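> Have a look at this one.
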Amino acid sequence: MRKRLRERFESTADLIDSVISKFVLLLLLGMFVVINLQIISREFFTAFSWTEELSRYLLIWVSLFAATIAYRKGAHIAITFVVKSFRKKQRQIIKFIMDLFSATFFITMIYYGFKMISMETYQKSPAMQIPMQVVYLCIPLTGIIMLYYVLIEILKFNFREEESK
Amino acid sequence: MSAGIVFLLLFTTFSLFLIFGMPIAIAIGTSSFIILLLGKIPLVIVPQRMFAGMDSFALIAVPFFILAGDLMSEGKTSELIMDFVESLLSFLKGALWPVAVLTAMIFAGISGSSAADTAAVAGALIPELKRRKYDKDFSSALIASAGSIGIVIPPSVPMILYAFITYASISKLFLNGFIPGTLMGVALAAIALRKAYKEHYAGGGRLSFRNIWATFKTAIWGLLTPIIILGGIFSGKFTPSESAVIAVDWAIIVSLYIYRDKRWKDIFRIIVKSMITASLVMFLISTARVFAWILANWSIPTMLTNGVLSISTNKFVIILLIDLILLIAGIFLETASIIIIFTPLLFGLATSIGISPVHFGIIETVALAIGMVTPPVAINLYVVSGVTGIPIEQISKAEIPLLLALIGVLILVTYLPMIFPKIIF
């Protein structure tokens, strides 16, 4: 029963992951075009006022979304040589505890991310005049995705096996 | 809470999370979040600092320099540069070793990360080194060490991060990277040549100008990359971020239309791959800003500076201590993490004894370059080991003389500008 549930979660995660990697490509290409535009407009015409701001916001979005892919892959930089020296069961317990702590951080990103958004009702970006509420969305959104990924990892932990042994 | 308690709590929780394998970016965020909670500080600081931590045009250089390096290292560019360098150096015995070093130095001008530099040189040279029966362990160690020059000779992602944290000038840091990078290259090549002449390696042919010209003509497109990047920055025409984007423009043109070694499909794949690599650094910068906020709020760097200065005020001793801290950190941590965690802590101390921000940035970069070849956490050794299949332990043994030479360069880079301040531009 739990296994089937986990498999369903995993396949949803795969879907999210592949959508995000297309989104990351799109955002990066966008940033690439915008900065080229900035260079061309400044060198040959008059500089646009919005290119610098837009590329900064794109950088934040693309970085956070790419970070969720890295998180799923387990690619984020970590010290692994200590944990590797433990036995398998101890390793699983340590990972379980660390995942719980990570989950609290993602919950902070989500809850206080939305709180920050609710505090910025009238704030608009200086150059493009887009509501900052939209720009700030990237933090709680990526928090939700990483929380989902870490919950799958937490589900993998097998309590019953620990009890029986 | 007093600064001392905050410092102690922050670093114990952070070290525990780290040792137990939590990703550094999340460990730094979680330990900061615990301190904020205990200090009764509104937690909305967390998303605010995370956002502000990445909100900088200068940081755009990070993904694009990584991308330019990845685009150029996958494909023919590094092989063509190697062929050209070999035609220049083939009169030496054991020529492939200095070729590896010089190729790494040229590629350092294209790539902003040492891992990409190492991968490019290893990919191009290892098959040839194997075919000509060069000492495998030493060759691997040499390529790993030469690859570390990737972050010392500009462009350099760690220097961009350092400049972002300390407000030092990126172009000044870049400009001052050439001499230390060259010193590292010369030191490594000298050790390799000594070994080659002692063990009577083959080589020592005559220089062929026809060959030099022929290889130069095809390699020129790759060789132009550093000139385009650095020319743009040093002429003041483009910001480093814009130069990074221009480098990507150039890399795409070269691989699609000149060398024709990639299609759009490959470029899209490399873009996503590079962005994921860049996101590791970006996410870390983002969460580390919460950590930096805590350090500043409780004036922890001032506390540390005063603590150290109460023990000794001899600037030569203090800078030696800083070098040691950075080298030891380099054994256990990865480059970007050290820059992001240690710079805010040590910068005040270094400047209080009269080290200029640019000089300290160079010291830090060279020390961290060495950290890339000191196991267990040594990205360059892993990259080379991945290409050659030789285990890390074996490469590390051959690494020792090279490591000592690099430490010698670090000492020169640390002390010479303290005695002759004019050599920092």
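> Give me the percent of the accessible area of the stretch A:1-125 that comes from carbon and sulfur atoms, probe 1.4 Å, all protein chains in place.
Of all accessible area on the stretch A:1-125, carbon and sulfur atoms account for 65 percent.
> Using every alpha carbon pair in the stretch B:176-246, what percent of pairs falls into each 10 Å bin from 0 up to the bin containing the largest distance?
Calculated P(r), rounded to whole percents: 15, 23, 36, 18, 6.
> Continuing with the same structure: Could you calculate the contour length gain from A:PHE44 to A:ILE16, that is, 0.36 nm times the residue separation minus the distance between their Cα atoms, to one decimal place in nm?
The span from A:PHE44 to A:ILE16 would gain 5.9 nm if fully extended.
> Multiply the residue separation of A:LEU137 and A:VAL82 by 0.36 nm, subtract the distance between their alpha-carbon atoms, and state the gained length in nm to one decimal.
Computed gain between A:LEU137 and A:VAL82 is 16.2 nm.
> Given that compact globular proteins tend to follow 2.2 N^0.38 Å, what is the ratio of the alpha-carbon Rg of the stretch B:232-290 to that value?
Cα-based Rg divided by the globular estimate yields 1.43.
> For A:LYS89 paired with A:ILE107, estimate the spin-label separation in nm (one decimal), with each label point 7 Å from Cα along the Cα-to-Cβ line.
Those two pseudo-labels are separated by 2.9 nm.
> Are any of the pairs B:LYS133/B:LYS262; A:LYS73/B:LYS262; B:LYS237/B:LYS422; A:LYS84/B:LYS397; A:LYS3/B:LYS273; A:LYS73/B:LYS172 more than 29 Å apart by Cα-Cα distance, and if so, which?
From the list (B:LYS133/B:LYS262; A:LYS73/B:LYS262; B:LYS237/B:LYS422; A:LYS84/B:LYS397; A:LYS3/B:LYS273; A:LYS73/B:LYS172), the Cα-Cα distance tops 29 Å for B:LYS133/B:LYS262; A:LYS3/B:LYS273; A:LYS73/B:LYS172.
> Find the percent of Cα-Cα distances in the stretch B:59-186 that exceed 18 Å, and round it to a whole number.
51 percent
> Taking the Cα atoms only, what angle lies between the long axis of helix A:138-156 and the longest principal axis of chain A, rounded to 10 degrees?
That helix lies at roughly 10 degrees to the long axis.
> Take the alpha carbon gyration tensor of the protein assembly as shown, find the square roots of its eigenvalues, order them as a ≥ b ≥ c, and report rounded if a/c is under 1.5; if not, report prolate when a/b exceeds b/c, else oblate.
Rounded, because the longest to shortest axis ratio a/c is under 1.5.
> Oh, and also: Residues of the stretch A:104-118 that become at least 50 Å² less accessible with every protein chain present than in their own chain isolated, using 1.4 Å: which are they?
A:PHE105, A:THR108, A:TYR112, A:MET116
> How many angstrom lie between the Cα centre of the stretch B:329-393 and the Cα centre of the stretch A:6-73?
Centre-to-centre (Cα) distance: 29 Å.
> While we're here: What accessible area, summed over both chains, is buried at the B-A interface (1.4 Å probe, Å², nearest 100)?
The summed interface area works out to 5000 Å².
> At most 11 other C-beta atoms within 10 Å and a DSSP loop state: those are the exposed trypsin sites (Lys or Arg not before Pro) I care about. Give me the longest piece of chain B that has none.
B:264-425
> Okay, next question. Report the charge-dipole magnitude of the stretch A:43-136 in Debye, nearest 20, computed about the Cα centre from +1 at each Lys and Arg Cβ and -1 at each Asp and Glu Cβ.
The dipole of the stretch A:43-136 has a size of about 1020 debye.
> With no solvent and one equal point scatterer per Cα, compute the Debye intensity ratio I(q)/I(0) for chain B at 0.07, 0.10 Å⁻¹ and report its log10, rounded to two decimals.
The Cα Debye sum returns log10 ratios of -0.34, -0.69.
> Mind pulling the angle between the C-alpha long axis of helix B:178-198 and the longest principal axis of chain B? Nearest 10 degrees, somewhere in 0 to 90.
The angle comes out at about 50 degrees.
> Just the accessible area per residue of the stretch B:300-392, please: how many Å² with a 1.4 Å probe? Before the final figure, lay out each step's value.
Values: 3150 Å² over 93 residues.
Per-residue value: 34 Å².
> Under the 0.36 nm per residue contour assumption, what length would be gained going from the current alpha-carbon distance of B:ALA52 and B:THR12 to full extension? Don't skip to the answer; put the middle values down first.
Values: separation 40, 0.36 × 40 = 14.40 nm, distance 2.61 nm.
That works out to 11.8 nm of additional length.
> To the nearest 0.05, how large is the calculated FRET efficiency for B:ASN297 and B:LEU224 if R₀ is 45 Å and r is the Cβ-Cβ distance?
0.40
> Given a Förster distance of 30 Å, report the FRET efficiency between B:ILE331 and B:GLN394 from their Cβ-Cβ distance, rounded to the nearest 0.05.
Working: r = 18 Å, r/R0 = 0.61.
With R0 = 30 Å, the Cβ-Cβ based efficiency is 0.95.
> With r as the distance between the Cβ atoms of B:GLU199 and B:LEU404 and R0 = 22 Å, compute the FRET efficiency 1/(1 + (r/R0)^6) and round to 0.05.
Working: r = 19 Å, r/R0 = 0.88.
That pair, B:LEU404 with B:GLU199, gives E of 0.70.
> Run the helix sum for chain B: -39,500 (n - 2.57) per DSSP H stretch of 4+ residues, divided by residue count, reported at 222 nm to the nearest 500 deg cm²/dmol. Please report the intermediate quantities before stating the final value.
Details: 20 runs with 323 residues, N = 425.
It lands at -25000 deg cm²/dmol.
> 222 nm [θ] for chain A, helices only, -39500 (n - 2.57) per DSSP H run of 4+, per residue, to 500?
Result for chain A: -27500 deg cm²/dmol, rounded to the nearest 500.
> Give me the percent of accessible area attributable to carbon and sulfur for the stretch B:146-215, probe 1.4 angstrom.
Answer for the stretch B:146-215 is 65 percent, counting heavy atoms of protein chains only.
> At a 1.4 Å probe, what is the % contribution of carbon and sulfur to the accessible area of the stretch B:1-102?
Summing carbon and sulfur atoms, their accessible area is 70 percent of the total for the stretch B:1-102.
The values are calculated or read from the model by the stated rules, or taken from the named source; none is laboratory data. All figures in this text were calculated on a predicted structure; none of them were measured in a lab. So basically every Cβ, Gly included, is an ideal-geometry build from the backbone, and we count neighbours across all protein chains shown. The protein model used for the area step is the full one, side chains on, heavy atoms only, and it has no ligands, DNA or RNA in it. Shrake-Rupley method; radii C 1.70, N 1.55, O 1.52, S 1.80 Å.
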